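Participant: The following block contains the structure, expressed as structure tokens.
The values are calculated or read from the model by the stated rules, or taken from the named source; none is laboratory data. Treat the numbers as computed from the prediction; the structure is a model and nothing was measured. In this analysis, Cβ positions are derived from the backbone assuming ideal geometry, glycine residues included, and neighbour counts consider all displayed protein chains. Accessible surface is based on the protein model in full, side chains and every heavy atom, while ligands, DNA and RNA are left aside. Shrake-Rupley method; radii C 1.70, N 1.55, O 1.52, S 1.80 Å.
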Amino acid sequence: MWFEIIPSFAIITVTLAIPPVVKHFGHLLIFGNATIRDKTHVWEGFMFQRDERLTGDPYKAKGLEAIPDE
């Protein structure tokens, strides 16, 4: 019958839901914030390095006041 698929569906759903939850709490524990920047594209890596160089902490949003006037 159709309900025989429910245990398999539940196992697959729970298995696929575990990594994002572990990632969220792992980053919260290790880095002190729950998000990490997506650096899958080269441009995003450049933006990460730029923010780290300008402000010292790329995960906290800072405006133009963080850029030194030279």
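Participant: Order the peptides 44-50, 5-11 from the highest to the lowest mean number of other Cβ atoms within 10 Å of their residues.
Facilitator: In decreasing order of mean packing, 44-50, 5-11 become 44-50, 5-11.
Participant: Could you point to the label whose value was computed as percent of Cα pairs over 14 Å apart for the structure here, given [x] 73; [y] 67; [z] 49?
Facilitator: For percent of Cα pairs over 14 Å apart, the calculated option is [x].
Participant: With a 1.4 Å probe and every protein chain kept in, tell me what percent of the accessible surface of the chain is carbon plus sulfur.
Facilitator: Roughly 69 percent of what the probe reaches on the chain is carbon or sulfur.
Participant: I've got another one for you. With every protein chain kept in place and ligands, DNA and RNA left out, what is the accessible area per residue of the chain? Probe 1.4 Å, answer in Å².
Facilitator: 90 Å²
Participant: Do you know the relative contact order of the chain, to the nearest whole percent, from alpha carbon pairs under 8 angstrom that are 6+ apart?
Facilitator: It rounds to 14 percent for the chain.
Participant: For the chain, find the longest principal axis of its Cα atoms and tell me its angle to the long axis of helix 42-55, 0 to 90°, nearest 10.
Facilitator: 50 degrees
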